[in-house]
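Colleague: Dropping the structure in here first, questions after.
The values are calculated or read from the model by the stated rules, or taken from the named source; none is laboratory data. Only a predicted model underlies this, so the values are computations on that prediction, with no experimental measurement involved. Glycine also receives a Cβ, built like all others from the backbone with ideal geometry; neighbour counts cover every protein chain displayed. Protein only, heavy atoms only, side chains kept; ligands, DNA and RNA dropped before computing areas. Shrake-Rupley method; radii C 1.70, N 1.55, O 1.52, S 1.80 Å.
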Amino acid sequence: MLPVILAAILYLSLIYVCGRYTAKFAAERGRSRAAWFVIGGLFYPLPYLVLALLPPRRKATPA
């Protein structure tokens, strides 16, 4: 039972780190941190690549 608990803790830690890394990159690109945290934690390498290929969001320019 102890190995299963340790494996679960390591896996959840990995999910957290991957989500955090993706969310940080998403914020730099002008995207939602929360949404990309969840997506990045679940499907790590793909969301990071998608963010790299998406154009950065433009900020609204005052008229």
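Colleague: Could you grab the pairs with beta carbons closer than 7 Å, sequence gap of 6+ or different chains, first residue in the range 7-32 and in a helix (DSSP H, G or I), second one open to solvent by 90 Å² or more (accessible area, probe 1.4 Å)?
Modeller: What qualifies is ALA23/ARG33; ALA26/ARG33; ALA27/ARG33.
Colleague: Of all residues being open to solvent by 100 Å² or more (accessible area, probe 1.4 Å) and not aliphatic (A, V, I, L, M) in the range 1-47, which is farthest from the chain's Cα centre (by Cα)? Just the residue, please.
Modeller: Per the stated criteria, the residue is TYR11.
Colleague: Out of (1) surrounded by 13 or more Cβ atoms within 10 Å (Cβ to Cβ); (2) at positive phi, the odd one out for VAL50 is which?
Modeller: It fails just one condition, (2).
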